[in-house]
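K.L.:
Handing you this structure, nothing more for now.
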Amino acid sequence: MIIVFFLVGGAVLLRARMRDILVCAAVATGLFLLAAVTVTVYIGTTVPTNGFGAGFNFAGPAVVTQNWTHASVALATAVTLVLLAVWIGFAFVLRRLRPGRAFTAVSAAFGVCVAAVSLVAVAQMTSHISHAEGSDAQEAITLMKAGQVRPDDQIAVAPSLGWMLTVPQAFEVSWTELKHFKPGRQPLPADTTVVETGWPAGKPARAGWPDAPAGWRIVASNQNVGWVVWRQGWAYERDETPDAVRPDAVEARFHRVRQASGT
């Protein structure tokens, strides 16, 4: 989608009248400044960019400011407007040139600049969001491993789990789509084998799905992060720490269930 928008914008820059382009750029600049002021008043002069959730939401400001901790709203606005001016400047020069070496050189420079910006953005987003140690993306993988999620599982997630754990799983679970349901308001989707819910603060783990049907049991949970994994017919063994899951017990239970089912 972004590529399509860029191609359309590039075509407009090269074909529309320069006066119309400058008018649109002026209007966009005004709206952009208004948005910057609104963000500053609402959340402050910087936005958090560290971790999966914040990085996912504010990756753009993080890239243009080169700050993956707290991105300055003013600096992000300024850099973005400068980039807009640069793209318009390239378009202005290209429209003035005739086909030839100069035209080819400017076109190549424009392509290199666009490619460089895109490459830096993709590389940094991948590094700081997808592969960040201790991020929600890593926690989502931990959740799946603790719950013994297998390629033949059908997974249903409750809104209480939170999008920061749900979104990474949508990429990890390649064999099916995550099913969404609201405990207490919607029935459990058919053929579901795994249910993931949030762990309500100050309440027991079962509070995330208080009306769980008979036979559904908690197989893994993490109170600090706030997630609970349920399976039908499973049960986990606890150690002396309340609501702590012993990985060896879960693994042993997993193999006993598979042996009993003959798989």
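K.L.:
Step through the residues of the range 23-35 one at a time and calculate ³J(HN,Hα) from phi using the Karplus curve (6.51 cos²θ - 1.76 cosθ + 1.60, θ = phi - 60°), rounding each to whole Hz and writing x for Gly and Pro.
P.N.:
In residue order, the calculated couplings are 5, 5, 5, 5, 5, 4, 5, x, 5, 5, 5, 4, 5 Hz.
K.L.:
Can you run phi through the Karplus equation (6.51, -1.76, 1.60; θ = phi - 60°) for the range 212-225 and list ³J(HN,Hα) in whole Hz, with x for Gly and Pro?
P.N.:
Those phi angles translate into 4, x, 4, x, 8, 10, 6, 10, 6, 6, 8, 5, 5, 7 Hz.
K.L.:
Scan around TRP216 for amide H atoms under 5 Å from its own, H built in the peptide plane at 1.01 Å from N, and keep only partners 5 or more places away or cross-chain.
P.N.:
Hits under the 5 Å cutoff: GLY233.
K.L.:
Within the range 118-220, which GluC sites (Glu not before Pro) sit in a loop by DSSP and count at most 11 neighbouring Cβ atoms inside 10 Å?
P.N.:
Details: sites: GLU133, GLU139, GLU172, GLU177, GLU196; in loops: GLU133, GLU177.
Passing both the DSSP loop test and the Cβ count: GLU133, GLU177.
K.L.:
How high is the FRET efficiency from ALA207 to ALA16, r the C-beta distance, R0 51 Å, rounded to 0.05? Show your work: numbers first, answer last.
P.N.:
On the way: r = 58 Å, r/R0 = 1.13.
E between ALA207 and ALA16, to the nearest 0.05, is 0.30.
K.L.:
Next question, about the same structure. Quick check on packing: order 91-97, 54-60 by the mean number of other C-beta atoms within 10 Å, highest mean leading.
P.N.:
Packing order, densest peptide first, comes out as 54-60, 91-97.
K.L.:
How many nm is it between the label spots at ALA190 and ALA109, if each spot is 7 Å from the Cα in line with the beta carbon?
P.N.:
Computed distance between label sites ALA190 and ALA109 equals 6.3 nm.
K.L.:
Let me ask you something else. Loop-only check: which trypsin sites (Lys or Arg not before Pro) in the range 1-83 are DSSP coil with at most 16 other Cβ within 10 angstrom?
P.N.:
Those that pass, being in a loop and sparsely packed, are ARG17.
K.L.:
Under 1.5 on a/c is rounded, so check that first for the range 2-130, then, if it is not, pick prolate when a/b is larger than b/c and oblate when it is not; a ≥ b ≥ c are the square roots of the alpha carbon gyration tensor eigenvalues.
P.N.:
On the way: a/c = 2.83, a/b = 1.59, b/c = 1.78.
In terms of gyration-tensor shape, oblate.
K.L.:
Once amide H atoms are placed 1.01 Å from N in the peptide plane, what residues at a sequence separation of 5 or more from TRP227, or on another chain, have their amide H within under 5 Å of its amide H?
P.N.:
HN-HN under 5 Å from TRP227: TRP199, ASN222.
Read the figures in this text as sums done on the coordinates, not as results from a lab. Bear in mind that the values here come from a model prediction, so they are computed numbers and not experimental data. Glycine also receives a Cβ, built like all others from the backbone with ideal geometry; neighbour counts cover every protein chain displayed.
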